[in-house]
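Peer 1: Below are the structure tokens for one structure; questions will follow.
The values are calculated or read from the model by the stated rules, or taken from the named source; none is laboratory data. This one's a predicted model, so the numbers in the text were calculated from it and none came from an experiment. Quick reminder, even Gly has a Cβ in these numbers, built from the backbone with ideal geometry, and neighbours come from all protein chains shown. Note: accessible area is taken over every heavy atom of the protein model, side chains too, but ligands, DNA and RNA are not part of it. Shrake-Rupley method; radii C 1.70, N 1.55, O 1.52, S 1.80 Å.
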Amino acid sequence: MSDSENKKALVHPNGGDLLVALMEALDVDTAFGVVSVHNMPLVDAVSRELRFVPVRHEAAAVNAADAYSRVSGKVGIALTSTGTGAGNAAGSMIEALAAGARVLHLTGQIETPHLGLGKGFIHETKDQAGMLEAVSKAAFSVTSTDDAADVLRLAVEAILSVPSGPASVEWPIDLQYAVHEIKPFELNGLPTPAAAADDLDRAAALIASAERPLLWLGGGAVGCRTEIEQLVDITRAGVLTSNSGRGVLDEGDGSCIGNFTTSPAVRSLLAEADLLVSVGTHFRSNETGDYDLVLPDQIVQIDVDAAAIGRTYPAAVGVVGDARDVVEALCDRLPDRTGTDATWTTQVSAARRLAREGLSDGIGWQASICDAVRTAFPRRSVIARDVTIPSSTWGNRLLAMNDSSVNVFPHGGGIGQGLAMGIGAAVARPDVPTLALIGDGGLAVHLGEVATLAQEQPWLVVLLYNDGGYGVLRNTQDVFVGERSGVDLATPDFSLLARAYGIHHVRVGSLDDIEEALAGAIGVRGPAIVEVDVDAFGPMPRPFTPPVKIPGAV
């Protein structure tokens with residue numbers, strides 16, 4: 001008998017073993033978290049039987065689990081402590097909620113005899129369940145060993161039911177340690193709403209009669225490539241995407257304009273279009289110019305969430321249902337070719353070209369780094385992006401992607417989540433290098449995760465843009481305020497930091513060096529940092545400012 005088997009034989013099955021059984025039923029081999037006196041049974045069992053990745057901050061645990069889920073298509077598992085630990089995770093749970101990410105957040109709770117008494121028990125917090133409910137799609141509490149398995153099952157069902165989203169479970173530590181009967185989990189498939197035949201008929205009629213159609217693909221279209229390709233073939237529609245819809249179609253496809261909805265060329269195209277079919281698109285503020293974007297009068301909106309229909313733009317026809325089923329049903333109702341204007345594809349191609357050329361001209365030298373990244377990294381490599389200037393300019397638009405699983409970024413727009421997302425993505429897809437595109441300001445939020453890089457050794461290249469602060473906000477203040485505050489930050493010597501952790505590091509200040517630097521970093525087959533000295537490259541032709549309104553600004 002091995003040491004691990006002998007150790008397990010001496011300990012009765014507890015809540016940690018129940019969690020392992022759940023993870024095995026979900027075919028999930030990794031959990032991310034921070035160990036605590038209020039979650040040790042869970043951490044011990046996962047470490048013994050599967051893999052536990054000890055990150056340095058609870059928010060990073062959720063971000064890593066979130067990215068692991070997006071890349072693998074499985075449920076991501078995050079383990080945190082009670083009270084402060086659960087509170088630390090809240091911001092990243094908000095991101096998972098915004099993204100509809102399939103994350104199971106398991107947090108501890110104080111011993112049941114002391115719950116709710118306000119005695120100041122260590123790690124105790126007021127209404128932890130209420131806090132978790134506010135940042136989760138659903139929140140649950142384990143109240144006995146008898147209900148623990150059912151609570152975990154209900155949490156997973158909430159995560160996977162449509163529209164998907166994260167769930168939290170608080171689990172008192174005495175109940176974690178208690179004896180559990182471990183039985184295999186039976187996780188049944190969950191039904192999705194079936195689209196109404198009348199809605200499908202009306203939508204098909206509008207599509208068939210359109211002469212200048214456009215599609216707008218959002219996150220709800222992920223996993224529907226075959227059906228979307230068939231619809232594009234029938235309609236010869238141009239294809240726009242939100243940020244989260246990138247990679248649903250190969251962005252090298254000539255019909256795919258991509259995430260350029262607010263560019264002048266695409267605004268002109270929208271003005272010419274006579275129909276927009278949106279698939280799983282929620283028309284977020286940053287992708288519609290704070291809802292000022294003018295869309296065609298006729299909109300067919302497809303979404304699995306009935307509340308999304310007409311919420312932002314009025315829909316001529318709303319179809320509630322799973323995107324794959326709905327698009328397939330529409331294709332069955334359409335002729336082999338619709339009456340699209342013969343010149344429409346030419347207009348779509350022109351808008352695609354002009355949008356890309358306009359962005360390339362505006363970002364100057366950054367376009368060459370974008371090209372170098374695309375050349376260096378395999379198409380299966382995940383591109384995990386924090387909120388930073390290169391992400392908001394070329395990373396979210398110009399860097400071509402051919403699969404939605406490589407597209408990882410903070411939907412909610414919160415800075416500082418990129419490195420942990422990169423770690424989770426690299427763990428989920430270890431056979432190719434992952435890229436984390438991060439700024440020095442974002443890295444500072446969770447600088448401790450550099451230690452996780454050193455410890456876990458994922459095949460992750462950090463492309464670190466160092467401009468000495470918050471460049472996006474600095475540009476905004478320069479343009480709209482006239483003076484700077486809070487944006488210029490002290491940053492470490494990243495070469496010394498990398499050396500302290502034994503991580504490969506190279507600094508580049510010239511386009512002549514970038515390709516060699518990326519190739520060398522990928523060749524490490526472990527963690528590496530390529531630092532871009534932004535001051536050495538100089539300003540972009542058009543300084544980037546975020547698409548938000550500043551009251552009183554001209």
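Peer 1: Given the conditions (1) open to solvent by less than 10 Å² (accessible area, probe 1.4 Å); (2) at pLDDT below 95, which single one is not true for residue 120?
Peer 2: (1)
Every residue, every condition in (1) surrounded by 24 or more Cβ atoms within 10 Å (Cβ to Cβ); (2) in contact with a Pro (Cβ under 6 Å, 6 or more places away or on another chain); (3) of a type outside the set (Lys, Arg); (4) not in a loop (DSSP other than H, G, I, E, B), yes or no:
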| site | (1), (2), (3), (4) |
| --- | --- |
| 392 | no, no, yes, yes |
| 415 | no, no, yes, no |
| 425 | yes, no, yes, yes |
| 430 | no, no, yes, no |
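Peer 1: Determine, yes or no, whether residue 342 is assigned to a helix (DSSP H, G or I) and either touching a Pro at 6+ places or on another chain (Cβ under 8 Å) or surrounded by fewer than 21 Cβ atoms within 10 Å (Cβ to Cβ) (or both). Outline the logic, then answer.
Peer 2: Details: assigned to a helix (DSSP H, G or I): no; either touching a Pro at 6+ places or on another chain (Cβ under 8 Å) or surrounded by fewer than 21 Cβ atoms within 10 Å (Cβ to Cβ) (or both): yes.
Taking the combined requirement at face value, the residue does not satisfy it.
Peer 1: Next up: Just name the residue that is farthest from residue 34 (Cα to Cα) out of those in segment 457-504 that are in a helix (DSSP H, G or I) and either touching a helix residue (DSSP H, G or I) at 6+ places or on another chain (Cβ under 7 Å) or open to solvent by less than 20 Å² (accessible area, probe 1.4 Å) (or both). Working first, answer last.
Peer 2: Here is the first cut: in segment 457-504, the residues in a helix (DSSP H, G or I) are 471-481, 494-501.
When the remaining residues are screened for being either touching a helix residue (DSSP H, G or I) at 6+ places or on another chain (Cβ under 7 Å) or open to solvent by less than 20 Å² (accessible area, probe 1.4 Å) (or both), the result is 471-472, 476, 494, 497-498, 501.
Details: 471: 31, 472: 31, 476: 36, 494: 25, 497: 23, 498: 23, 501: 20 Å.
Selected residue: 476.
Peer 1: If residue 132 passes every condition in (1) at pLDDT below 95; (2) touching a Ser or Thr at 6+ places or on another chain (Cβ under 6 Å); (3) among the hydrophobic types (A, V, I, L, M, F, W, C); (4) farther than 25 Å from residue 286 by Cα but one, which one does it miss?
Peer 2: (1)
Peer 1: Out of all the residues in segment 519-532, which are in a loop (DSSP other than H, G, I, E, B) and touching a strand residue (DSSP E or B) at 6+ places or on another chain (Cβ under 9 Å)? Even if it seems obvious, please write down each step before you answer.
Peer 2: Of the residues in segment 519-532, the ones in a loop (DSSP other than H, G, I, E, B) are 524-527.
Within segment 519-532, 524, 526, 527 meet the criteria.
Peer 1: Provide a single number: the residues in segment 66-84 that are small (Gly, Ala, Ser), part of a helix (DSSP H, G or I) and surrounded by fewer than 24 Cβ atoms within 10 Å (Cβ to Cβ). Lay out the reasoning, then the answer.
Peer 2: Our first condition is that a residue be small (Gly, Ala, Ser); within segment 66-84, this holds for 67, 69, 72-73, 76, 78, 81, 83.
Filter again for part of a helix (DSSP H, G or I), leaving 67, 69, 72.
Next, from what is left, pick out any that are surrounded by fewer than 24 Cβ atoms within 10 Å (Cβ to Cβ): 72.
Within segment 66-84, residues that are small (Gly, Ala, Ser), part of a helix (DSSP H, G or I) and surrounded by fewer than 24 Cβ atoms within 10 Å (Cβ to Cβ) number 1.
Peer 1: How many residues are open to solvent by less than 10 Å² (accessible area, probe 1.4 Å) and under 26 Å from the mean Cα position of the chain (by Cα) when one looks only at segment 262-299?
Peer 2: The number of residues fulfilling the criteria is 9.
Peer 1: Consider residue 516 against the criteria (1) crowded, with 19+ Cβ neighbours inside 10 Å; (2) part of a helix (DSSP H, G or I): it satisfies all of them except one. Which criterion is unmet?
Peer 2: In the conditions (1) crowded, with 19+ Cβ neighbours inside 10 Å; (2) part of a helix (DSSP H, G or I), residue 516 misses (1) alone.
Peer 1: Something else: Could you grab the pairs with beta carbons closer than 8 Å, sequence gap of 6+ or different chains, first residue in segment 497-523 and under 17 Å from residue 535 (Cβ atoms) and hydroxyl-bearing (Ser, Thr, Tyr), second one open to solvent by less than 70 Å² (accessible area, probe 1.4 Å) and in a helix (DSSP H, G or I)?
Peer 2: 510/536; 510/537
Peer 1: Quick one: residue 27 ticks every box in (1) buried (at least 18 other Cβ atoms within 10 Å of the Cβ); (2) assigned to a loop (DSSP other than H, G, I, E, B); (3) without any contact (Cβ under 8 Å) to a residue 60 or more places away in the chain except a single one, so which number is it?
Peer 2: (1)
Peer 1: While we're here: Looking at segment 373-382, can you tell me whether even one residue there is of a type in the set (A, V, I, L, M, F, W, C), open to solvent by 10 Å² or more (accessible area, probe 1.4 Å), assigned to a loop (DSSP other than H, G, I, E, B) and in contact (Cβ under 8 Å) with a residue 40 or more places away in the chain? Before you say what the answer is, go through the steps one by one.
Peer 2: Here is the first cut: in segment 373-382, the ones of a type in the set (A, V, I, L, M, F, W, C) are 373, 376-377, 382.
When the remaining residues are screened for being open to solvent by 10 Å² or more (accessible area, probe 1.4 Å), the result is 376.
Imposing the further condition that a residue be assigned to a loop (DSSP other than H, G, I, E, B) reduces the set to none.
No, every residue in segment 373-382 fails to be of a type in the set (A, V, I, L, M, F, W, C), open to solvent by 10 Å² or more (accessible area, probe 1.4 Å), assigned to a loop (DSSP other than H, G, I, E, B) and in contact (Cβ under 8 Å) with a residue 40 or more places away in the chain.
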